[in-house]
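Q: Quick one: structure below, then a few questions.
The values are calculated or read from the model by the stated rules, or taken from the named source; none is laboratory data. Note that the structure is a prediction, hence the values are computed from the model and not measured. Every residue, glycine among them, receives a Cβ derived from its backbone with ideal geometry; neighbour counts consider all protein chains shown.
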């Protein structure tokens, strides 16, 4: 299992442009994400996220689950079919309950399309990915534009990642975003 620890902040085009200018060259990744759940939202009730994301055309399926410390368990595999991916994710160590919960199949519930500008940054004893995301969340026939900044710990000190993210937020006037993309997209279903 991978462990994902990230901090998210709401932004706008101007703030993203200013951060991009300060940090220089970023890698651009086109992201198209589909989020899946069972018909009775069994995954949502557990706060699990099952998705298939195309990253510059490469299909990656992922399961994320909450961990007690606020981070998330994360398993992923390259796979074009979400049904095949479920079995692979469980073989990798994802909760076995995923097989039982999805035995009757899953359905697309919401989505996101966005461009990510990503850059690896060394800060203190941490290696973080700085991601600048702009795009649209989709659900229930509605679209919600968004812009956000993510700081994801890739290696090293969590405290240094938190310090870097806090300094970035203070410098650019960023507001913490408590909800994930899937949570915000799911809200569009109502």
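Q: For region 1-86, list the strands (runs of 3 or more DSSP E) that sit wholly inside it and hold at least 3 residues that are within 20 Å of residue 149 (Cα to Cα); which are they?
A: Counting at least 3 such residues, we get 6-10, 27-37, 49-55.
Q: Could you give every pair whose Cβ atoms fall below 6 Å, whose first residue belongs to region 80-97 and is under 21 Å from residue 67 (Cα atoms), and whose second residue is part of a helix (DSSP H, G or I), counting only separations of at least 6 or pairs across chains?
A: Here the result reads 86/98; 90/98; 90/99; 96/90, each pair linking region 80-97 to a residue that is part of a helix (DSSP H, G or I).
Q: Any residue at all in region 88-108 that is within 20 Å of residue 9 (Cα to Cα) and either part of a helix (DSSP H, G or I) or in contact with a helix residue (DSSP H, G or I) (Cβ under 9 Å, 6 or more places away or on another chain) (or both)? Break it down into steps so the answer makes sense when it comes.
A: Keep residues of region 88-108 that are within 20 Å of residue 9 (Cα to Cα), which gives none.
For region 88-108, residues within 20 Å of residue 9 (Cα to Cα) and either part of a helix (DSSP H, G or I) or in contact with a helix residue (DSSP H, G or I) (Cβ under 9 Å, 6 or more places away or on another chain) (or both): absent.
Q: Then there is this: Being closer than 23 Å to residue 121 by Cβ and touching a residue at least 24 places away in the same chain (Cβ under 8 Å), is that true of even one residue in region 31-51?
A: Checked against the condition, which is being closer than 23 Å to residue 121 by Cβ and touching a residue at least 24 places away in the same chain (Cβ under 8 Å), region 31-51 yields at least one hit.
Q: Just for region 160-190: of the residues that are more than 19 Å from the chain's Cα centre (by Cα) and either part of a strand (DSSP E or B) or without any contact (Cβ under 8 Å) to a residue 12 or more places away in the chain (or both), which one is surrounded by the fewest Cβ atoms within 10 Å (Cβ to Cβ)?
A: Of everything passing the filter in region 160-190, 170 is surrounded by the fewest Cβ atoms within 10 Å (Cβ to Cβ).
Q: Within region 129-137, identify whether any single residue is exposed (fewer than 13 other Cβ atoms within 10 Å of the Cβ), in contact with a strand residue (DSSP E or B) (Cβ under 8 Å, 6 or more places away or on another chain) and in a strand (DSSP E or B), and answer yes or no. Lay out the reasoning, then the answer.
A: Pass one, region 129-137, residues exposed (fewer than 13 other Cβ atoms within 10 Å of the Cβ): none.
Within region 129-137 (the criterion being exposed (fewer than 13 other Cβ atoms within 10 Å of the Cβ), in contact with a strand residue (DSSP E or B) (Cβ under 8 Å, 6 or more places away or on another chain) and in a strand (DSSP E or B)), the answer is no, since none of the residues qualifies.
Q: Between 72, 113, which is surrounded by 18 or more Cβ atoms within 10 Å (Cβ to Cβ) and touching a residue at least 40 places away in the same chain (Cβ under 8 Å)?
A: Answer to the selection: 72.
Q: In region 139-152, is there at least one residue being in contact (Cβ under 8 Å) with a residue 60 or more places away in the chain, surrounded by fewer than 16 Cβ atoms within 10 Å (Cβ to Cβ), closer than 30 Å to residue 22 by Cβ and out of contact with any helix residue (DSSP H, G or I) (no Cβ under 7 Å at 6 or more places or on another chain)?
A: There is no residue in region 139-152 that is in contact (Cβ under 8 Å) with a residue 60 or more places away in the chain, surrounded by fewer than 16 Cβ atoms within 10 Å (Cβ to Cβ), closer than 30 Å to residue 22 by Cβ and out of contact with any helix residue (DSSP H, G or I) (no Cβ under 7 Å at 6 or more places or on another chain).
Q: Next question, about the same structure. When the residues of region 98-110 are narrowed to those that are farther than 30 Å from residue 144 by Cα and in contact (Cβ under 8 Å) with a residue 12 or more places away in the chain, which ends up surrounded by the most Cβ atoms within 10 Å (Cβ to Cβ)? Break it down into steps so the answer makes sense when it comes.
A: Taking region 98-110 as the starting set, the residues that turn out to be farther than 30 Å from residue 144 by Cα are 99-100, 103-104.
From what's left, in contact (Cβ under 8 Å) with a residue 12 or more places away in the chain: 99, 104.
Working: 99: 13, 104: 10.
In this case the residue turns out to be 99.
Q: Conditions: (1) closer than 19 Å to residue 137 by Cβ; (2) modelled with pLDDT under 95. Residue 32 meets all but one. Number of the miss?
A: Every listed condition holds for residue 32 apart from (2).
Q: Out of all the residues in region 138-152, which are part of a strand (DSSP E or B) and farther than 16 Å from residue 180 by Cα?
A: Selection gives 142 alone.
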